[in-house]
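> My structure is below; once you've seen it, I'll send some questions.
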Amino acid sequence: MNTKILATLGPASLNIDTVKELTKKGVDLFRINLSHTKLENVREIIENIQSWTDVPVCLDSEGAQIRNQDMVSESVNFQKDDIVKIHHTSVVGDSNNISFTPNNVSQQLKVGDEIRVDFNSVCFCVTEVQDNFLLAIVKREGTVGSNKAADTDADIKLSAVTPKDEKAFEIGLSMGVENFSLSFTNSAEDVLQVREIIGNNSNLISKIESIKGVLNLGEILPVVDQILIDRGDLSREVSIEKIPFIQRRIISYARSKDTPVYVATNLLESMIKSASPTRAEANDVASTLLMGASGLVLAAETAIGDYPIGSVEMINLIIKQYNRWTTESSFKEIIFQDD
């Protein structure tokens with residue numbers, strides 16, 4: 001089985017030397033995360049990658065997600081029981097003020113609604129609605145940086161594709177990009193909305209990272225080329241102890257429909273700072289392959305980590321062992337087989 005490796009490019013890897021080395025290591029697709037890429041930089045980034053390597057580019061949309069906007073620092077502290085203004089228009093956030101994107105999110109919140117930022121780091125509860133902002137009490141204290149993912153239990157209506165996504169996809173299409181990823185795919189209707197932009201000949205990966213996406217998998221699979229399980233964002237909505245079993249079920253179901261499925265988030269998280277993964281991470285990657293995943297996605301490991309090349313090398317080593325593995329493999333074969 002030819003397991004695909006998708007590597008996200010970012011500050012740690014978006015340079016000619018690293019991209020060329022990652023190409024040599026067998027990366028199959030270079031991912032550009034539009035959630036962390038300014039629209040005005042998209043064309044230049046694509047041009048650079050295309051001049052450095054023949055490995056194709058994948059534009060990964062912002063999609064139907066909520067994020068806070070710019071903060072005065074990357075560690076703004078919010079204290080429990082403090083009152084904070086949630087503005088309807090963009091502001092640079094501080095310990096008393098914050099805003100979210102899309103801008104219409106805060107306008108859909110009502111008294112009693114909670115909004116959590118950065119994997120439950122900070123939780124705000126709306127206490128008052130005013131014309132230009134909400135007042136909210138800090139229910140759980142913590143620190144927040146810029147552009148962190150947020151979630152709420154409120155019934156918020158979000159477009160599957162943001163205006164930025166649409167413009168970035170159009171730029172990509174004009175430059176020959178053929179691979180696109182739709183974040184927070186919740187329904188077949190979301191997929192069809194993207195197809196209107198990228199056409200039927202482009203390769204579309206739908207990211208399954210919400211309860212709606214999981215429950216609507218049956219209608220999503222027939223209209224996409226691949227799916228990607230984003231375990232990180234999915235764990236915002238589903239208890240973490242359930243994620244391994246949802247992953248197993250999704251992979252099994254996708255394989256039964258002949259749809260390739262990739263798996264992302266925390267594969268080699270410790271390699272952001274360490275030259276080697278933990279044993280638990282190595283086991284997780286191997287288990288994911290044994291479940292039948294078609295590919296593995298490195299995100300922070302290659303985008304901002306200290307060891308982007310080492311991370312891909314480690315994924316390759318585990319894939320090599322997986323390709324050798326059979327239920328008849330002996331201990332000696334596993335332990336002593338030469339590279």
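Laboratory data are not the source of any read-out in this text; all were calculated from the coordinates shown. What you see is a predicted model, and the numbers here were worked out from it, not measured in a lab.
> How much length, in nm to one decimal, is gained on full extension between GLU21 and GLU74, taken as 0.36 nm per residue of separation minus their Cα-Cα distance? Display every interim value, and only then the final one.
Values: separation 53, 0.36 × 53 = 19.08 nm, distance 3.10 nm.
Taking 0.36 nm per residue and subtracting the Cα distance, the gain is 16.0 nm.
> Normalized C-alpha radius of gyration of the range 155-304, against 2.2 N^0.38 Å?
1.07
> Next up: Could you please state, rounded to a whole Å, how far the C-alpha centre of the range 296-310 is from the C-alpha centre of the range 314-339?
Taking the Cα centre of the range 314-339 as reference, the centre of the range 296-310 is 24 Å away.
> By the gyration tensor of its Cα atoms, with a ≥ b ≥ c the square roots of the eigenvalues, what is the shape of the range 178-219: rounded for a/c under 1.5, prolate for a/b over b/c, or oblate?
Since a/c reaches 1.5 and a/b is larger than b/c, the shape of the range 178-219 is classed as prolate.
> Return the subset of LYS207/LYS257; LYS38/LYS110; LYS139/LYS212 for which the Cα-Cα distance in this structure is over 23 Å, preserving the input order.
Pairs exceeding 23 Å: LYS38/LYS110; LYS139/LYS212.
> While we're looking at this one, here's another question. How big is the equivalent ellipsoid of the range 1-49 along its three axes, where each semi-axis is √(5λ) from the Cα gyration tensor, reported in whole Å from largest to smallest?
Ellipsoid half-lengths, sorted descending, are 21, 13, 8 Å.
> Helix 279-291 versus the longest principal axis of the chain: what is the Cα-based angle in degrees, 0 to 90, to the nearest 10?
Its long axis makes an angle of about 80 degrees.
> Out of all DSSP beta bridges with both ends in the chain, state the antiparallel percent to the nearest 5.
Once the DSSP bridges in the chain are tallied, antiparallel ones form about 45 percent.
> Which semi-axis lengths, in whole Å and largest first, follow from the square roots of five times the eigenvalues of the Cα gyration tensor of the range 236-302?
Computed over the range 236-302, the values are 22, 14, 11 Å.
> May I have the pair-distance distribution P(r) for the range 266-339, computed from all Cα-Cα distances with 5 Å bins from 0 and rounded to whole percent?
Percent of pairs per bin, in order: 3, 16, 26, 23, 16, 10, 5, 1.
> Still on this model: Starting from one equal scatterer on each C-alpha and no solvent at all, send me the Debye-based log10 I(q)/I(0) for the range 84-241 at q = 0.15, 0.16, 0.21 Å⁻¹, two decimals.
Treating every Cα as an identical point scatterer, log10 I(q)/I(0) equals -0.89, -0.97, -1.28.
> Quick one: what does P(r) look like for the range 109-193 with 10 Å bins over all Cα pairs, in whole %?
Spelled out bin by bin, the range 109-193 gives 14, 33, 29, 19, 5 percent.
> Out of every Cα pair in the range 126-168, what percent are spaced more than 12 Å from each other?
Value for the range 126-168: 79 percent of Cα pairs lie more than 12 Å apart.
> Another question, if that's okay. Let me check I have the definition right: for the chain, take the eigenvalues of the Cα gyration tensor, multiply each by 5, take square roots. What are those semi-axes in whole Å, largest first?
Result for the chain: semi-axes of 35, 22, 21 Å.
> Still on this structure, I have one more. For the range 57-175, what log10 I(q)/I(0) values come out of the Debye formula at q = 0.13, 0.15, 0.17, 0.22 1/Å, with one point per alpha carbon and no solvent?
Each listed q corresponds, in turn, to -0.50, -0.64, -0.79, -1.21.
> What is the Cα centroid distance between the range 107-149 and the range 153-186, reported in whole angstrom?
Measuring centre to centre over Cα atoms gives 25 Å.
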